[in-house]
């Protein structure tokens, strides 16, 4: 019965996600991930090779829908699977079936998980691998077998191959596993091999980078630009130095996130930030129940419960301190998942305290109150389902095509470059134009040479742009600005 109810929760979540998926490619990092997955390119650091390889599989195996939509389907499936696992794990922490089902769907249909499930988002896939690792760690801690330990290790490696944020899972896993004592040496050795197997998608990066360069797949190289630009071969991880650069996210200020753990004076702010997210996802009553459940785990010295609390807390200092995050909410997915389990535990404690009869109307009223708490902060459903008709990115590409020459170099700031890259490399509907993701001045020293053989255009966020030595003629204004560049 539990397996069927978990499956049902996942199916309900997936049905909602599928009905609200955008039909085509998109802007920003979403468009990049849709493009890279479809062409087997290399994404921005940490490159997320497991996501790319799985995305390519979905993009080429699903027999219907645009390839961008198929990548979105993968993310929806990952989030739905996380909801199904939430039901199972909540049950293992003592939640009743009704409580676990409410918590699983409360998480799945909260604003942040639902929004992220309907776009190409690395954190969705990283989440499902992390919660699989947690589920098997808890099974092992409660008397499971070596097989559970190895499944946890493999999922941990796959989580790491999806996104580096998964390293913050390790302390929680260690707390759960070591509650049974140190595993035998043979088990540890097999576990290390399983982690290595999970991390093996990183071998894709140097191998694919070398192939892309050898077969001249990146058209920006023909413009004289350095190897390693976005979409095909970001940062050129063929060499050990570049591979390490990609792996560690050296292009970005990731150390600012890890430095947050040492900012002890900000821990009160971190707690408030987590509280706001939990209230925003589950309502104030839900957040209070999460606190009760988490407090009970600690008070009972439940190793698995303490591990769950640690896993929920660790992403917070990193997320709140990382100064380059454009969308921090997606880094709270695991914290919200853990909070939903704590809500289930806290709710059962409240029911136990009042000792209601299993069929009493008051008990049903409490269930209704929990649902009401979740519903009170639910997402804008009309906006989510309207996504299924959103073709703003394809319309944008058509506008750019109408304004630019077929053989042009099109410089575009990041958010506006990704749909153009998808049209160019996946749909092959962007003519002979070459897309260069660039700020207005980033490659200004190349523009003169390009103008000798090609027209050059710029797509920018602002109507106040100047490039020394060149004239810019505004072709379109707001919300993005298209300029023709000339001497």
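Bear in mind these aren't lab numbers, they're just calculated from the coordinates by the rules spelled out. Just so you know, these numbers come straight off a predicted model, no measurement behind them. As a convention, Cβ positions derive from the backbone with ideal geometry for all residues, glycine included, and neighbour counts pool all protein chains shown.
Given 0.36 nm per residue, what is the gain on full extension from residue 395 to residue 350 after removing their alpha carbon distance, in nm?
So the chain would gain 10.9 nm between residue 395 and residue 350.
If R0 is taken as 56 Å, the Cβ-Cβ distance between residue 364 and residue 432 corresponds to a FRET efficiency of 0.30. Taking only alpha carbon atoms, the chain gives an Rg to Rh ratio of 1.01, where Rh is the Kirkwood radius.
Applying the Kirkwood pairwise sum to the alpha-carbon positions of the range 381-445 produces a hydrodynamic radius of 12.8 angstrom.
Taken as Cα centroids, the range 83-121 and the range 247-279 sit 25 Å apart, rounded to the nearest whole angstrom. Expressed as a whole number of Å, what is the distance separating the alpha-carbon centroids of the range 433-463 and the range 169-239? Distance between centres, Cα-based: 33 Å. Between residue 386 and residue 453, the simple label model (points 7 Å from Cα in the Cβ direction) yields a spacing of 4.6 nm. The modelled label-to-label distance for the pair residue 111/residue 3, using points 7 Å beyond Cα in the direction of Cβ, is 3.8 nm. With respect to the chain, whose longest principal axis is taken over its alpha-carbon atoms, helix 392-403 is tilted by about 10°. Every pair of different Cα atoms in the range 325-400 enters the Kirkwood calculation, which places the hydrodynamic radius at 16.4 Å. Semi-axes of the equivalent ellipsoid for the range 90-157, computed as √(5λ) from the eigenvalues of its C-alpha gyration tensor and ordered from largest down, come to 24, 19, 5 Å. Its residues counted as N, the range 391-486 yields a C-alpha radius of gyration over 2.2 N^0.38 Å of 0.98.
Legend: calculated FRET efficiency, residue 216 to residue 300, from the Cβ-Cβ distance at R0 = 56 Å, rounded to 0.05, equals 0.35. At the listed q of 0.12, 0.13 Å⁻¹, the Debye profile of the range 224-312, built from one uniform point per Cα, gives log10 I(q)/I(0) equal to -0.65, -0.70. Viscosity 1.306 mPa s, temperature 10 °C: what is the translational diffusion coefficient of the range 164-237 from Stokes-Einstein with a Kirkwood Rh over Cα pairs, rounded to a whole number of µm²/s? For the chosen part, D equals 102 µm²/s. The spread of Cα positions in the range 244-289, taken along each principal axis and listed from longest to shortest, comes to 45, 24, 12 Å. Pull out a ≥ b ≥ c, the square roots of the eigenvalues of the alpha-carbon gyration tensor of the range 1-94, then state rounded if a/c is under 1.5, prolate if not and a/b is larger than b/c, and oblate in the remaining case. Judged from the Cα gyration tensor, the range 1-94 comes out prolate (a/c at least 1.5, a/b above b/c). At what distance in nm do the modelled label points of residue 403 and residue 284 sit from each other, each positioned 7 Å from its Cα along Cα→Cβ? Going by the 7 Å Cα→Cβ label model, 4.7 nm. Its Kirkwood hydrodynamic radius, worked out from the mean inverse distance over all distinct Cα pairs, puts the range 336-376 at 10.9 Å. Here's the picture: a label point sits 7 Å out from the Cα of residue 203 along the beta-carbon direction, and within the range 135-155 the residues with their amide nitrogen under 18 Å of it are 154-155.
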